[in-house]
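To keep things clear, I will list the structure first and then write my remarks on it.
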Amino acid sequence: MPREKIIIDTDPGQDDAVAILLALASPEEIEVLGITAVAGNAPLHMTEVNARKVCELAGRPDVKVYAGCDKPLFLELHTAPEVHGPTGLNGPILPEPAMPLQPEHAVDFIIDTVLAEPPGSVTLCPLGPLTNVARAIMREPRVAGRLKRIVLMGGAQTEGGNSSPVAEFNIFVDPHAADVVLKSGVEVVMFPLDVTHQVLTSRVRMDAIAAIGTPVAKATYEMLDYYRQYDEKKYGTDGGPLHDPCVIAWLIRPELFQGQHVNVAVETGSALTIGQTVVDYFDKTGRPRNALYMRKADADGFFALLTERLTRL
Ligand code: BDR
Ligand code: CA
């Protein structure tokens, strides 16, 4: 099997960080062409630094990290310090990165890379608000036709929202960008809260990560131990959802997840429901099926994969 060439577009974020670690720990299956940072969980000047800290934690200072958009297409930026902490990556104390930030803008990097690689060979993996991705598609329309697909974390339907009663954070922060992506014609694979809320960092799973005993595992444990507290209190669960790594896990072991090909549209107008993802399970609208919308996860299989891969770093 050829390796999947990916660009990770991200706003780290502890769960973003674990997704990056999982990708970098899986070189047989995944080639990370670059990491593009976007404003989301924290402002851009923090998310780009966090992305570099995570690459260094993984022992991969050679990975190219680019800074992208510092605010959504039209709305004011909304961050989530109550979930991720004021740095976006609270938990472990990680050193300031020595590896450089690339001089190119993330949107230019996405465009240049997708046009330079063979058509149909690059997968975009957005783990935050879709601002960088939408800007790339809007600025260079050939990007949409040349991508293999977009595999993203975002959206919510049966679970309700986590940023409003109906909207999931990544879509809520930049609904107009999500609208561009979902109407782009690119094949989209979506990991909404409906599936990520099945993938919980329970005490037993956390203990298995701690038992690895390496510096990377220790830092991962500390990140997740911080990150789980907000959601445990909110939902009364044993552990919090590990959203973003589902995207990478699917690239490695697609059989861990099940979904349905549907039309997904985003509400961009209503003050009451802005950012809601409207999922047409029964073809009621006649709109084209634009997304594989994930609904079920094998959570034990997911954590077995993650734990095994973390031992490699
Ligand atoms: C998403 O929002 C962020 O807080 C997480 O990193 C994840 O990408 C979950 O709604
Ligand atoms: Ca994220």
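Quick notes on this one:
- Here ARG203 does not fit the description of being surrounded by fewer than 18 Cβ atoms within 10 Å (Cβ to Cβ), at pLDDT 95 or above and under 16 Å from the mean Cα position of the chain (by Cα).
- Contacts under 8 angstrom Cβ, first residue in the stretch 99-119 being small (Gly, Ala, Ser), partner surrounded by 13 or more Cβ atoms within 10 Å (Cβ to Cβ) and not in a helix (DSSP H, G or I), 6 or more apart: ALA106/ASP9; ALA106/THR36; ALA106/ALA37; ALA106/VAL38; ALA106/TYR66; ALA106/ALA67; ALA106/GLY68; ALA106/CYS69
- Selected residue (criterion: farthest from VAL173 (Cα to Cα)) from residues of the stretch 15-49 that are among the polar types (S, T, N, Q) and buried (at least 24 other Cβ atoms within 10 Å of the Cβ): THR36
- Residue in the stretch 137-151 that is of a type outside the set (S, T, N, Q), within 16 Å of ligand 1 (Cβ to nearest atom) and modelled with pLDDT of 95 or more present: yes
- Verdict on GLY155 being within 14 Å of the chain's Cα centre (by Cα) and among the small types (Gly, Ala, Ser): yes
- Whenever a residue of the stretch 160-183 is assigned to a helix (DSSP H, G or I), its partners that are of a type in the set (D, E, K, R), lying with C-beta atoms within less than 8 angstrom and at least six residues away or across chains, give the pairs PRO175/GLU267; ALA177/ARG135.
- If you go through the stretch 61-72 and keep only what is surrounded by 19 or more Cβ atoms within 10 Å (Cβ to Cβ) and either within 14 Å of ligand 1 (Cβ to nearest atom) or assigned to a loop (DSSP other than H, G, I, E, B) (or both), you end up with VAL63, GLY68, CYS69, PRO72.
- Single condition THR158 does not satisfy, out of (1) over 19 Å from VAL180 (Cβ atoms); (2) within 16 Å of ligand 1 (Cβ to nearest atom); (3) open to solvent by less than 60 Å² (accessible area, probe 1.4 Å): (3)
The values are calculated or read from the model by the stated rules, or taken from the named source; none is laboratory data. None of the values given here were measured: they were computed from a predicted structure. Methodologically, a virtual Cβ is constructed for each residue, glycine included, from the backbone with ideal geometry; neighbour enumeration extends over all protein chains shown. Surface areas here come from the heavy atoms of the whole protein model, side chains and all, with no ligands, DNA or RNA. Shrake-Rupley method; radii C 1.70, N 1.55, O 1.52, S 1.80 Å.
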